[in-house]
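Q: For reference, the structure I am asking about is given below.
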Amino acid sequence: MIDRESIKGLEDKARKIRKHVLNMIYEAGSGHPGGALSCADTLTTLYFHTMHHNPLEPEWTDRDRFILSKGHAAPALYAVLAEAGYFPVKKLSSLRKRGSILQGHPDSKVPGVDVSSGSLGQGLSIADGIALAGKLDKKVYRVYTLLGDGECDEGQVWEAAMLAAHYKLDNLTAIVDRNGLQIDGLTEKIMRLEPIAGKWRAFGWHVIEIDGNKVEEIIAALDEAKSIRGRPTAIIAHTFKGKGISFMEWINAFHGRALSKEEMEIALQELG
Amino acid sequence: MELKSTREAYGDALLRLGEDNSVVVLDADLSASTQTNKFAKKYPERFFNVGCAEQNLIGVAAGLAVAGKTAFASTYAILSNRAWEQIRNTVAYDNLNVKIAVSHAGLTNAPDGASHQSLEDIALMRVIPNMTVIVPSDAVETEKAVISEIHRVGPAYIRLNRVKTLYIFDEKYEFEIGKAVKLISGGDLTIIATGTMVHEAMDAAKMLAEENIRACVLNIHTIKPIDKECIIKVAKETGAIVTVEEHSIYGGLGGAVAEILAEKYPVPMKIMGVNDEFGESGEYDELLEKYGLTARNIVKSAKELLEMRR
């Protein structure tokens, strides 16, 4: 069991990540704050609690792997990697700028990013491949990937889901950031996903549904996934797009735009 | 005369590569057709059938490569093109060791008809940065090319055929990536060919020789990176170029040669291939005849070109 203090520490860290995200996108003048905020708690928990990794040795062969399949949340990943020590925090302000390694979508040039991603639907396939290699090499590392819910419209996601179950990839955990919104609107209006948990279950996965903005629930689900044998685990993380900023939550206008100066002031105040 | 398809040679090459533990092979439900089944039988733990799911084929191969493997991913040429964007964004962008070896390219999947023939793939692959495009002309060249790929970092597209074809090379042949192979010397014009058309080009040169026309024949097994120097050199030496490929006349070997010569040394040129149309069902030889991909038709084009130059 994790103590209250550690959870508080992770919550504080997630708040810090959210501030970085807003600042980075503000500085860049463009980006996707909504979906980066919704998954900030998951990324924070993975990198500061669950995953075995070493920022001083990014190529450590036994490290756990993470692939950000919903690559438009790149600022959140970069912020987490910088906070973890993969590269200096001051570099974060170079997001999306010419000559920077911090490309608009995750790029393998960035220390700690194993593979470039961002074109939706591809991350789970890549995660499958890394998990297969782990099995083949008898490694104990685990593979994590974070998908958007809108991303689950992509057929390739289900090809990859089928394969992971077929090859019994119990070293693989896929987290679906179920924030209910995609670019054009509500996922249920644009392309119905429900019953999303049932779909993953039908594809042979162990499925856990959680409040994906609650650190203790994320920890418990990731722990449960580790204990499952013979099949991969999908965590449906119910989240709020724009989580943490009152005027951004559930407002899809913030899927793909930076905040204005006035909005920034309010947002940063709210994050404290 | 002994015949062997390039896909059979690929299957044999994989068996040899299998001794290296870092080699993995993936297929999308076509392992008998692509000949990866030989590897699957000998090294089942390193063979992954992904089912008929080409996007996932490429993605999973990419993941294995990210984890340090050299991944050979096979299916039909046309079906691999379905995963073009996966190949571009995941495999090529990160310069991963994914070797996409595809069979039934060009018209060689003849009876299956247009949907299963592949006449655009060289163009589609050639345009992707970091991608190496190899079109072997016979079984020996295939085996050597495939084996050499294990030592080269980065992705490759290796274009193979269904049909059995004649040998051009013997075991002493040394394959060098990116280097054109001059098969016949001649000063009147150059026939530049790739894949299945290399043999036709050689036959055409022999027929031309009977009429006292000396044609140089170049085998371009690597469409990218292409041997620019050699192409410019033969253009200077012979002053006329015919290219011939089992592919659309747009964007393939002919396009690549034209891009170089237009900038560096323009000479009269004739691009032979399939004339911006889809294939149809039929016997392979019938289709080659229909699209004019025969030694006889190369002779005709060569003479027309020489006429034009006068």
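The values are calculated or read from the model by the stated rules, or taken from the named source; none is laboratory data. Please read all numbers here as calculations on a predicted model, not as lab measurements. Cβ: placed from backbone, ideal geometry, glycine included. Neighbour counts: every protein chain shown.
Q: State which residue pairs qualify: first residue on the phi > 0 side of the Ramachandran plot and inside the stretch B:50-74, second residue at pLDDT 95 or above and not β-branched (V, I, T) in any location, beta carbons under 6 Å apart, and separation of 6 or more residues or different chains.
A: Note: pairs meeting the criteria are B:G51/B:D29.
Q: Right, something else. State yes or no: is B:T194 buried (at least 24 other Cβ atoms within 10 Å of the Cβ), under 18 Å from the mean Cα position of the chain (by Cα), in the same structural domain as B:G292 (by TED's automatic domain parsing) and within 22 Å of B:A139 (Cα to Cα)?
A: On the way: buried (at least 24 other Cβ atoms within 10 Å of the Cβ): yes; under 18 Å from the mean Cα position of the chain (by Cα): yes; in the same structural domain as B:G292 (by TED's automatic domain parsing): yes; within 22 Å of B:A139 (Cα to Cα): yes.
Considered against the rule, which asks whether it is buried (at least 24 other Cβ atoms within 10 Å of the Cβ), under 18 Å from the mean Cα position of the chain (by Cα), in the same structural domain as B:G292 (by TED's automatic domain parsing) and within 22 Å of B:A139 (Cα to Cα), B:T194 comes out as yes.
Q: Further question on the same structure: Quick test of your reading of the structure: A:E83 fulfils all but one of (1) within 18 Å of B:A67 (Cβ to Cβ); (2) surrounded by fewer than 21 Cβ atoms within 10 Å (Cβ to Cβ). Name the failing condition by number.
A: A:E83 satisfies all of (1) within 18 Å of B:A67 (Cβ to Cβ); (2) surrounded by fewer than 21 Cβ atoms within 10 Å (Cβ to Cβ) except (1).
Q: Also, quick follow-up: Name the residue that is surrounded by the most Cβ atoms within 10 Å (Cβ to Cβ), counting only residues in the stretch A:1-56 that are among the acidic types (D, E) and part of a helix (DSSP H, G or I).
A: Here is the first cut: in the stretch A:1-56, the ones among the acidic types (D, E) are A:3, A:5, A:11-12, A:27, A:41.
Checking the rest, the ones that are also part of a helix (DSSP H, G or I) come to A:5, A:11-12, A:27, A:41.
Details: A:E5: 8, A:E11: 17, A:D12: 12, A:E27: 15, A:D41: 28.
That would be A:D41.
Q: For the stretch B:228-242, give me the residue count where each residue is surrounded by fewer than 18 Cβ atoms within 10 Å (Cβ to Cβ) and small (G, A, S). Even if it seems obvious, please write down each step before you answer.
A: First, the residues of the stretch B:228-242 that are surrounded by fewer than 18 Cβ atoms within 10 Å (Cβ to Cβ): B:228-229, B:232-233, B:236-237, B:239.
Then drop every residue that is not small (G, A, S), which leaves B:239.
Looking only at that region, the number is 1.
Q: Is there a residue being touching a strand residue (DSSP E or B) at 6+ places or on another chain (Cβ under 9 Å), farther than 25 Å from A:I183 by Cα and within 14 Å of chain B (Cβ to nearest Cβ) anywhere in the stretch A:103-112? Give the derivation first.
A: Of all residues in the stretch A:103-112, those touching a strand residue (DSSP E or B) at 6+ places or on another chain (Cβ under 9 Å) come to A:105-106, A:112.
Now narrow it down to the ones that are farther than 25 Å from A:I183 by Cα: A:112.
Imposing the further condition that a residue be within 14 Å of chain B (Cβ to nearest Cβ) reduces the set to A:112.
Checked against the condition, which is being touching a strand residue (DSSP E or B) at 6+ places or on another chain (Cβ under 9 Å), farther than 25 Å from A:I183 by Cα and within 14 Å of chain B (Cβ to nearest Cβ), the stretch A:103-112 yields at least one hit.
Q: For the stretch A:130-147, which residues satisfy the criterion of being more than 8 Å from chain B (Cβ to nearest Cβ) and either crowded, with 24+ Cβ neighbours inside 10 Å or in contact (Cβ under 8 Å) with a residue 60 or more places away in the chain (or both)?
A: A:K139, A:V140, A:Y141, A:R142, A:V143, A:Y144, A:T145, A:L146, A:L147
Q: Sticking with this structure for a sec: Are any residues in the stretch A:165-175 more than 22 Å from A:A220 (Cβ to Cβ) and among the small types (G, A, S), and if so, which ones? Outline the logic, then answer.
A: Let us first name the residues in the stretch A:165-175 that are more than 22 Å from A:A220 (Cβ to Cβ), namely A:165-168.
Answer for the stretch A:165-175, where residues must be more than 22 Å from A:A220 (Cβ to Cβ) and among the small types (G, A, S): just A:A165.
Q: Restricting attention to the stretch B:11-59, which residues are in a loop (DSSP other than H, G, I, E, B), within 9 Å of chain A (Cβ to nearest Cβ) and surrounded by 20 or more Cβ atoms within 10 Å (Cβ to Cβ)?
A: Passing the criteria: B:V50, B:A53.
Q: On to the next question. When you go through (1) within 13 Å of chain B (Cβ to nearest Cβ); (2) buried (at least 17 other Cβ atoms within 10 Å of the Cβ) one by one for A:G150, which number turns out not to apply?
A: (1)
Q: Another question about this same structure. Looking only at the stretch A:91-126, count every residue that is within 21 Å of B:Q86 (Cβ to Cβ), in contact with a Gly (Cβ under 6 Å, 6 or more places away or on another chain) and modelled with pLDDT of 95 or more and tell me the total.
A: Adding up the residues that qualify gives 6.
Q: Could you tell me whether the stretch B:38-51 includes any residue that is at pLDDT 95 or above and under 16 Å from B:Y157 (Cα atoms)? Step through it out loud before you land on a result.
A: Taking the stretch B:38-51 first, the residues at pLDDT 95 or above are B:38-51.
Filter again for under 16 Å from B:Y157 (Cα atoms), leaving none.
Checking the stretch B:38-51: not a single residue is at pLDDT 95 or above and under 16 Å from B:Y157 (Cα atoms).
Q: Could I ask something else about it? For the structure I just gave you, tell me whether A:I236 is touching a strand residue (DSSP E or B) at 6+ places or on another chain (Cβ under 7 Å) and closer than 28 Å to A:P195 by Cα. Don't jump to the end; show me each part of the working.
A: On the way: touching a strand residue (DSSP E or B) at 6+ places or on another chain (Cβ under 7 Å): yes; closer than 28 Å to A:P195 by Cα: yes.
Yes: the conditions hold for A:I236.
Residues checked against (1) under 19 Å from the mean Cα position of the chain (by Cα); (2) more than 23 Å from B:N95 (Cβ to Cβ); (3) not β-branched (V, I, T):
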residue	(1), (2), (3)
A:G71	yes, no, yes
A:P75	yes, yes, yes
A:E83	yes, yes, yes
A:Y86	yes, no, yes
A:L92	yes, yes, yes
A:K97	no, yes, yes
A:H105	yes, no, yes
A:S108	yes, no, yes
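Q: Any residue that is under 21 Å from A:D149 (Cα atoms), of a type in the set (S, T, Y), modelled with pLDDT of 95 or more and assigned to a loop (DSSP other than H, G, I, E, B) - is there at least one of those in the stretch A:220-235?
A: No, the stretch A:220-235 contains no residue that is under 21 Å from A:D149 (Cα atoms), of a type in the set (S, T, Y), modelled with pLDDT of 95 or more and assigned to a loop (DSSP other than H, G, I, E, B).
Q: Okay, moving on. Residue by residue through the stretch B:243-263, note down the ones that are surrounded by 24 or more Cβ atoms within 10 Å (Cβ to Cβ) and among the charged types (D, E, K, R).
A: B:E245, B:E246
Q: Another one. Report yes if A:K168 is out of contact with any Phe, Trp or Tyr (no Cβ under 8 Å at 6 or more places or on another chain) and either touching a residue at least 12 places away in the same chain (Cβ under 8 Å) or under 30 Å from B:F48 (Cβ atoms) (or both), otherwise no. Full working, then the answer.
A: Working: out of contact with any Phe, Trp or Tyr (no Cβ under 8 Å at 6 or more places or on another chain): yes; either touching a residue at least 12 places away in the same chain (Cβ under 8 Å) or under 30 Å from B:F48 (Cβ atoms) (or both): yes.
Criteria met by A:K168.
Q: Let me ask you something else. Spot the failing condition for B:Q117; the list is (1) at the interface with another protein chain (Cβ under 7 Å from one of its Cβ atoms); (2) among the polar types (S, T, N, Q); (3) under 18 Å from the mean Cα position of the chain (by Cα), and only one is missed.
A: (1)
Q: Run down B:P111, B:P136, B:P129 and say which single residue is in contact (Cβ under 8 Å) with a residue 12 or more places away in the chain and in a helix (DSSP H, G or I). Reasoning before the result, please.
A: Working: B:P136 fails: in a helix (DSSP H, G or I); B:P129 fails: in a helix (DSSP H, G or I).
Answer to the check: B:P111.
Q: Could you list, in sequence order, the residues of the stretch A:117-128 that are under 14 Å from the mean Cα position of the chain (by Cα), under 21 Å from A:L81 (Cα atoms) and either surrounded by fewer than 24 Cβ atoms within 10 Å (Cβ to Cβ) or at the interface with chain B (Cβ under 7 Å from one of its Cβ atoms) (or both)?
A: If the condition is that a residue be under 14 Å from the mean Cα position of the chain (by Cα), under 21 Å from A:L81 (Cα atoms) and either surrounded by fewer than 24 Cβ atoms within 10 Å (Cβ to Cβ) or at the interface with chain B (Cβ under 7 Å from one of its Cβ atoms) (or both), then A:G118, A:A127 are the ones that fit.
Q: Quick one: would you say B:L124 is farther than 24 Å from A:S108 by Cβ, more than 14 Å from chain A (Cβ to nearest Cβ) and either out of contact with any His (no Cβ under 8 Å at 6 or more places or on another chain) or in contact (Cβ under 8 Å) with a residue 24 or more places away in the chain (or both)? Let's see the steps before the verdict.
A: Working: farther than 24 Å from A:S108 by Cβ: no; more than 14 Å from chain A (Cβ to nearest Cβ): yes; either out of contact with any His (no Cβ under 8 Å at 6 or more places or on another chain) or in contact (Cβ under 8 Å) with a residue 24 or more places away in the chain (or both): yes.
So B:L124 does not fit the description; no.
Q: Give the residues of the stretch B:60-99 that are part of a helix (DSSP H, G or I) and at the interface with chain A (Cβ under 7 Å from one of its Cβ atoms), sorted by residue number. Steps first, please.
A: First, pick out the residues of the stretch B:60-99 that are part of a helix (DSSP H, G or I): B:60-66, B:77-92.
B:V60, B:A61, B:A62, B:G63, B:L64, B:V66, B:E85, B:Q86, B:N89, B:T90, listed by residue number.
Q: Consider B:V153 carefully, then state whether it is in a helix (DSSP H, G or I) and under 18 Å from B:L14 (Cα atoms). I'd like the intermediate steps shown before the answer.
A: Numbers: in a helix (DSSP H, G or I): no; under 18 Å from B:L14 (Cα atoms): yes.
No: the conditions fail for B:V153.
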